[in-house]
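To keep things clear, I will list the structure first and then write my remarks on it.
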Amino acid sequence: MKRIGILGGTAYPSTALYYTLLNKMANEKWGGYHSCPIILYSIDYHHIKSRYANQWDEIPNILKDEVENLLMLQPDCFLIANNTLHKAYDQIKHEFLTNIPMSHSIELTKSHILKNNMKKVLLLGTPFTMEDDYFKSPLQQAGIEVIIPNQEEIAKIGAFQSTLATGSITDEMKAFFIQLMEDYNSVDGVILGCTELPLVFNSLDTNLPIIDTMVLQCEDAFSKIQ
């Protein structure tokens, strides 16, 4: 049976969501007691996360070693359970001597937006994801208008993301994101560009279309093992 590889632990609460979602997909598809064949390679995220601010140039090589460790387990496809690390992956992807396909979060997001004829989207994520070009540029180059929150909102989202990464959800978070959706209700969709954000958005009620990068990755990976 074909297996999906997950590079996880980045951070662990969101990795658990990937695991759960893929197993739900498998059980809904195959019924009975079926679950999803998964190779979960969970790294010690501290070695990467602690380098985000001042040692980014070291991250691609660290990630390369970890991805190679996962690929040695011979999954039929794989995904990285962290959007920020897609920037580092894109810097080293040409170095991998493999045909194992990767479910690329940003490319899948772009395809989803274009397929659904969305013109303007709100990008939420870590402050790095919202302010850096690694996620925005591919969308903008495809003619998609990408809106990001203001600086005060970015700082607030960053603080909430750090809390979510520990597995904690508060009523303050929920109220903030509900208000944020109302303030940006002119967009065609909202990108959850951080894999922790579904932890809180799954319990919110909003009329705006939600573009969950985690769901897109899981759907793509699951399609490759059927």
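The table for this structure:
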| item | result |
| --- | --- |
| Nearest-10 value in Å² for the accessible area of residue 103, using the 1.4 Å probe | 0 Å² |
| Length-normalised contact order of the range 105-198 in % [C-alpha pairs under 8 Å, at least 6 apart] | 42 percent |
| Extension gain from residue 35 to residue 183, taking 0.36 nm per residue of separation minus the Cα-Cα distance | 49.3 nm |
| Against the rule of thumb 2.2 N^0.38 Å, how large the Cα Rg of the range 60-180 comes out | 1.21 |
| Per-residue SASA entry for residue 65, accessible area with 1.4 Å probe, Å² rounded to 10 | 90 Å² |
| Normalised alpha carbon radius of gyration of the chain [divisor 2.2 N^0.38 Å] | 0.99 |
| Dipole of the range 141-210, positive direction: furthest Cα of 146, 176, 192, with charges on the beta-carbon | 192 |
| Helix-only CD estimate at 222 nm, as mean residue ellipticity for the chain, using -39500 (n - 2.57) per DSSP H run (n ≥ 4) | -14500 deg cm²/dmol |
| Isotropically averaged projected area of the range 1-103, using the convex hull of Cα atoms (one quarter of hull area), nm² | 6.7 nm² |
| Relative compactness, the range 1-43, computed as alpha-carbon Rg over 2.2 N^0.38 Å | 1.17 |
| The range 46-125 - convex hull of alpha carbons, volume per residue in Å³ | 120 Å³ |
| Computed accessible area, residue 50, all protein chains, 1.4 angstrom probe, square angstrom | 60 Å² |
| Sequence ranges 210-217, 115-122, ranked by mean other-Cβ count within 10 angstrom, highest first | 210-217, 115-122 |
| Cα-based convex hull, the range 152-216, per residue volume (Å³, whole number) | 84 Å³ |
| Residue among 123, 85, 97 with the largest mean-square fluctuation in a Gaussian network model of the chain, springs linking Cα atoms under 10 Å | 97 |
| Solvent-accessible area, 1.4 Å probe, carbon plus sulfur percent, for the chain | 48 percent |
| Heavy-atom accessible area per residue - the range 152-218, 1.4 Å, Å² | 42 Å² |
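The values are calculated or read from the model by the stated rules, or taken from the named source; none is laboratory data. What you are looking at is a predicted structure, and each value in this text was computed from that prediction instead of being measured. Because the Cβ atoms are built from the backbone with ideal geometry, glycine has one as well, and the counts that use them run over all protein chains shown. Calculation scope for accessible area: heavy atoms of the full protein, side chains included, ligands and nucleic acids excluded. Shrake-Rupley method; radii C 1.70, N 1.55, O 1.52, S 1.80 Å.
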